[in-house]
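Working notes, structure below.
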Amino acid sequence: MSKMHYVKEGGYYAVIQRKPLLRLIVLSSKALLLSFCHLTIALGAEILDVEIEQNGARYWLVSETHFDAPLQEVFDTLTDYDQLAGISKTIKESHYLDPAEDGQQLVFTRLGACVLFYCKTVVKVERLELDTPCRIVTTAIPERSNVRFSRSEWSLTTEKDGGTNVVYQLEFEPGFWVPPIIGPLIIRNLLIKDGPSAVQEIEAMARRRAVARDPDSTTAC
């Protein structure tokens, strides 16, 4: 099992290697981290912590982010699947699908990332469960996706300053062959490469929604 932990140091993010990795993976992960770090967090959005853990073919990601935007608008932005492709370059396509036979809302996402000349696409059809506006859960349908397992959960809470704290948890196992050494780097690319720019865009979109909202309407979790 390997674990990479990202912590903020001096306005950027440093990586703590908690368990040994192959040297090439470590060096390449640092190169990936540089691209992750050199994007400055604008507005009030701030990634407080990011942690990735790998055990065999399965990956776990946990992150915590502060958004300087109201909770309801952050929730609405995260669940607007028809617009998610505009948030991150990793998200190539996203939209709502017709509900499942049991009435459960379904969503489609297509992600893409590359390391050197090797690229991979992840396609997921997921069941979307909402506890408005505090919790978002997606679970992939393997027979309609190229993953063996994928479950994500967003937990939103209101902060004293009127902003929003979001804890994101993902458990993910690809349904395709991942080449040794370079493969884990591609998965990490898919999971975190556009993190800083994505949180900026999420916050900007949430703020635009807030401008159009009834000022007397507030929500909290």
Single residue of region 112-130 satisfying the filter (of a type outside the set (A, V, I, L, M, F, W, C) and farther than 20 Å from D98 by Cα) that is nearest to the chain's Cα centre (by Cα)
G112
Looking at (1) in contact with a Leu (Cβ under 9 Å, 6 or more places away or on another chain); (2) at pLDDT 90 or above; (3) not aliphatic (A, V, I, L, M), which is the only condition D82 fails?
(1)
Output the number of residues of region 101-116 satisfying the condition of being in contact with a helix residue (DSSP H, G or I) (Cβ under 8 Å, 6 or more places away or on another chain) and outside any strand (DSSP E or B).
1
Kindly list, by first and then second residue, each pair from a residue in region 195-221 that is in contact (Cβ under 8 Å) with a residue 60 or more places away in the chain and in a helix (DSSP H, G or I) to a residue that is hydroxyl-bearing (S, T, Y) and surrounded by 20 or more Cβ atoms within 10 Å (Cβ to Cβ), limited to pairs with Cβ atoms under 6 Å and residues at least 6 apart or on different chains.
V199/T65; I202/T77; M205/T77; A206/T77
Report yes if V123 is of a type outside the set (D, E, K, R), under 22 Å from C221 (Cβ atoms), surrounded by 16 or more Cβ atoms within 10 Å (Cβ to Cβ) and in contact with a strand residue (DSSP E or B) (Cβ under 7 Å, 6 or more places away or on another chain), otherwise no.
no
Can you tell me which residue within region 60-103, out of those that are aromatic (F, W, Y) and over 15 Å from L130 (Cβ atoms), is surrounded by the fewest Cβ atoms within 10 Å (Cβ to Cβ)?
W60
The lone condition D80 fails out of (1) under 13 Å from the mean Cα position of the chain (by Cα); (2) of a type in the set (D, E, K, R); (3) within 19 Å of S197 (Cβ to Cβ) is (1)
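The values are calculated or read from the model by the stated rules, or taken from the named source; none is laboratory data. Remember, it's a predicted structure, so these values are computed and weren't measured experimentally. FYI the Cβ positions are ideal-geometry reconstructions off the backbone, even for glycines, and counts take in every protein chain you see.
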